[in-house]
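A.B. asks: Supplied in structure tokens, the structure appears directly below.
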Amino acid sequence: MAPTNIILRRRRSNCSSYSHCYCLCLFCLPNLLHLHALQFNFPDFNDTAKVTTLLNISQQAKITQYGILRLTEDSSPESIGRAVYGHKIRVWDSSTGKAADFTTTFEFSISKNASAGGDGFAFFLSGSQVPNNSIGGCLGLVTKCDNTNADGLVAVEFDTFQNHYDTSSNHVGININSIYSIKHLGIRRPLNDGSRIKAVVNYTSLTSNFTVTLSFLKNSSSTYSLWSILDFARVMPEYVTLGFSAATGAQTQKHDILSWEFNSTDLLPAAAPPNKRDNVINVIIGCVVGGTVLVMVLLFASFCYWRRSKLEETPIRFEDSMNQQFDDNNTGPKRYSYSQLARATNNFAEEGLLGEGGFGEVYKGFLSHLKLTIAVKRVSKRSKQGRKEYISEVNIISRLRHKNLVKLLGWCHENGEFLLIYEFMPNGSLDSHLFKHKTTTLEWAVRYKIALGLASALLYLHEESEQSVIHRDIKSSNIMLDSEFNTKLGDFGLARLMDQELGLKTTGLAGTFGYMAPEYISTGKASKASDVYSFGVVALEIACGRRSVDSKFESSIVAWVWETYGNGGVVNDVADKRLCMEFEVKEMEGLISVGLWCAHPDHTLRPSIRQALQVLKFEAALPNLPNKMPPPNFSLAGLEDHTPVCSGAAHSSSYSSINVGR
């Protein structure tokens, strides 16, 4: 193992050198503007002095006698109301390209005055003033609703009226430079029934992840989440206005903001423009600093180019080290030639194609000299990320030995081809049995055995292997089944070794939406807890026979099961109907309870996989869960012990893939 570890550590060391060199450049810029924290909190709007100092309230918006920020009245058709923070906010730094991180939380209530209701409101960031002709569905954000080229606008809309460009009359959407939503999510319960609703909007610049979470505060356990990848530096001007905007058309309704909290570690109010007297001095300073920066950037670029040319040799060095490692030990995966694998798969014939993904295809093959049927993963030549996954998978899975992990038999890196050879799984993947076979279904005993096997595999990865491993992509399509339907967890291309001494790092989002934990989506930081979340989702899929995310349903499987749990149902209501009630009730109850426990939105309240397995084996009592699904916890507290080792730099994202569904 030593040669491989040395290579990977050298890569981290090289990236660290980049960071040091970059920091040196910044140190030499005394006039560099840094981004500082901005925090404010309105538990209500009763403090007149505070409201007057911090907020600009315009159009029909006002503060009521009860301390409510009312954007529009339910008696005023064709009206607009705005409330914004009193200073423009710097959301990114043009000198560094660095964007701000922020979280804003607000509670609101919408009450309609007619059967149809009004249009809705939005939380927004924009460089513009209130545009003309922006009543009704324009929400006070754009000039005419068919304008798809608004300049520098990002908004989260809470829409309660269906216009021709809307998907429904009750949805949350993320809008960029338009009133048309690039991402939207239908809400089962009316947004304008007067309920008190909490919204959390979070932006993480390192992963460019913009996340919206919505929850009703009374008589509901549902939590709705929506996210999008967003680069502020490409979309927004450097300085923006931040706040709320609402509008009504012919129909009216009240749009009330009940509380508003904003926290950021990286925001700075806009600086006052320099006076003319300072311009000459600033120009001189700018020229001197600019010349210094140019020289240092050229030196830095030359250094990076030289380093990159060295790093491009990594796959070759990696191949040599793997050759030495396996040839010396004569154990584990074997190296195969490309010609051997081409013969085994009939030159990768289409009829032997077992499946395909974002980084390549998997073919069925036969090694005649071993009389062994195999599965061969062929990484696409066009996928640089696939090659990184190839190296990661060989490096990690080759050192793992467990009955519930797919066995890696061999590998090939030849003439630009990257191939992995696995034992063939005659019963395919779990998802094909749960969701694709319409006439047959897995009996309960087999399902429960699969769940136990998956938990055992994860326990080995997290606690029992020589070095802990975070899988990062646990989902039903990565769970293979052998001839006896034993669990075989596979696809370690996104996995990461854990090193307790390196501290918490951002690996970048990688995995499949619907299986990714809320804090992982928000921060990009994988952990044992995020693996446990994915296990919980799969456990619910096994019990319910429903996909984690399904377009036929408004809520995710976790939200749906938790709502049923809170209403006192569960087993009879969510168990897969194809089982015809033929299952052990205690096992079904245990699997559903463990699934919810593991998929708890707050990562600090999830069990370890060992604790979950103990409940499934009836060695511990069922967990005591709240009736209402709790809100997610985006804090990093409690994740420090789950640090993935990345092959990238300590301060840069190393993106893999994000899939939707399967």
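The values are calculated or read from the model by the stated rules, or taken from the named source; none is laboratory data. Because the structure is predicted, anything quoted here is derived from the model rather than measured. Methodologically, a virtual Cβ is constructed for each residue, glycine included, from the backbone with ideal geometry; neighbour enumeration extends over all protein chains shown.
A.B. asks: Looking at the stretch 411-431 only, could you name the residues that are part of a loop (DSSP other than H, G, I, E, B) and among the aliphatic types (A, V, I, L, M)?
C.D. replies: M425 - this is the single residue of the stretch 411-431 that is part of a loop (DSSP other than H, G, I, E, B) and among the aliphatic types (A, V, I, L, M).
Listed here are the residues, each with its yes/no results for (1) touching a Gly at 6+ places or on another chain (Cβ under 8 Å); (2) modelled with pLDDT of 90 or more.
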site	(1), (2)
Y565	no, no
M588	no, yes
I592	no, yes
C598	yes, yes
V615	yes, yes
N624	no, yes
M629	yes, no
D641	no, no
A649	no, no
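A.B. asks: Now for a different question. Please determine whether any residue of the stretch 605-627 is within 30 Å of V200 (Cβ to Cβ), assigned by TED's automatic domain parsing to the domain that holds Y520 and in contact with a strand residue (DSSP E or B) (Cβ under 8 Å, 6 or more places away or on another chain).
C.D. replies: no
Okay, residues lined up against (1) at pLDDT below 90; (2) over 29 Å from the mean Cα position of the chain (by Cα); (3) not polar (S, T, N, Q):
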| residue | (1), (2), (3) |
| --- | --- |
| N323 | yes, yes, no |
| F366 | no, yes, yes |
| L408 | yes, no, yes |
| W411 | yes, yes, yes |
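A.B. asks: Can you confirm whether the stretch 524-543 contains a residue that is crowded, with 24+ Cβ neighbours inside 10 Å, closer than 25 Å to F418 by Cβ and modelled with pLDDT of 85 or more?
C.D. replies: Yes - at least one qualifying residue is present in the stretch 524-543.
A.B. asks: Here's another thing I want to ask about it. Please identify the pairs in which a residue from the stretch 194-212 that is free of Cβ contacts under 8 Å to residues at least 12 places away in the same chain has its Cβ atom under 6 Å from the Cβ atom of a residue that is surrounded by 21 or more Cβ atoms within 10 Å (Cβ to Cβ) and assigned to a loop (DSSP other than H, G, I, E, B), counting only partners at least 6 apart or on another chain.
C.D. replies: Close Cβ pairs satisfying both conditions: none exist.
A.B. asks: From the list L452, L434, which residue is surrounded by fewer than 21 Cβ atoms within 10 Å (Cβ to Cβ), within 28 Å of the chain's Cα centre (by Cα) and part of a helix (DSSP H, G or I)?
C.D. replies: Just a single option satisfies the conditions, and that option is L452.
A.B. asks: Shifting gears a bit: Sort out which residues of the stretch 101-133 are buried (at least 23 other Cβ atoms within 10 Å of the Cβ), among the small types (G, A, S) and modelled with pLDDT under 85, and write them in order of number.
C.D. replies: G117, G118
A.B. asks: Restricting to the stretch 592-631, what's the tally of residues that are surrounded by 15 or more Cβ atoms within 10 Å (Cβ to Cβ), within 26 Å of the chain's Cα centre (by Cα) and part of a loop (DSSP other than H, G, I, E, B)?
C.D. replies: Going through the stretch 592-631 one residue at a time, the tally reaches 12.
A.B. asks: Right, something else. May I ask you to list the residues in the stretch 229-249 that are buried (at least 17 other Cβ atoms within 10 Å of the Cβ) and out of contact with any Gly (no Cβ under 9 Å at 6 or more places or on another chain)?
C.D. replies: L230, F232, L242, G243
A.B. asks: Which residue pairs have Cβ atoms under 7 Å apart, sit 6 or more places apart or on different chains, and have a first residue in the stretch 41-69 that is in the same structural domain as G86 (by TED's automatic domain parsing) and crowded, with 17+ Cβ neighbours inside 10 Å and a second that is assigned to a loop (DSSP other than H, G, I, E, B) and not hydrophobic (A, V, I, L, M, F, W, C)?
C.D. replies: Final answer for the pair search is F45/G67; L55/G86; Q60/E73; Q60/S76; Q60/S79.
A.B. asks: Evaluate the following for R82: is it closer than 30 Å to L298 by Cα, surrounded by 18 or more Cβ atoms within 10 Å (Cβ to Cβ) and either modelled with pLDDT under 90 or of a type outside the set (A, V, I, L, M, F, W, C) (or both)?
C.D. replies: Judged against the criteria, R82 is not a match.
A.B. asks: Any idea which of (1) at pLDDT below 90; (2) of a type in the set (K, R); (3) crowded, with 21+ Cβ neighbours inside 10 Å is the one R401 doesn't satisfy?
C.D. replies: Checking R401 against (1) at pLDDT below 90; (2) of a type in the set (K, R); (3) crowded, with 21+ Cβ neighbours inside 10 Å, the one that fails is (3).
A.B. asks: Of all residues in the stretch 47-66, count the ones that are among the polar types (S, T, N, Q), over 17 Å from G81 (Cα atoms) and within 37 Å of the chain's Cα centre (by Cα).
C.D. replies: Summing the residues that are among the polar types (S, T, N, Q), over 17 Å from G81 (Cα atoms) and within 37 Å of the chain's Cα centre (by Cα) in the stretch 47-66 gives 1.
A.B. asks: Could you check how many residues of the stretch 170-193 are touching a residue at least 24 places away in the same chain (Cβ under 8 Å) and in a loop (DSSP other than H, G, I, E, B)?
C.D. replies: Total meeting the criteria: 10.
A.B. asks: Here's something else I'd like to know. Of all the residues that make up the stretch 81-91, how many are touching a residue at least 40 places away in the same chain (Cβ under 8 Å) and closer than 12 Å to I57 by Cβ?
C.D. replies: Looking only at that region, the number is 5.
A.B. asks: Also: Restricting attention to the stretch 30-46, which residues are out of contact with any Lys or Arg (no Cβ under 8 Å at 6 or more places or on another chain) and either at pLDDT 90 or above or part of a strand (DSSP E or B) (or both)?
C.D. replies: The answer is L38, Q39, F40, N41, P43, D44, F45, N46.
A.B. asks: Restricting to the stretch 549-582, count the residues that are closer than 18 Å to N170 by Cβ and in a loop (DSSP other than H, G, I, E, B).
C.D. replies: So the count comes out to 6.
A.B. asks: Output the residues belonging to the stretch 325-353 that are β-branched (V, I, T) and modelled with pLDDT under 90.
C.D. replies: Once the filter is applied, which keeps residues that are β-branched (V, I, T) and modelled with pLDDT under 90, the stretch 325-353 yields only T331.
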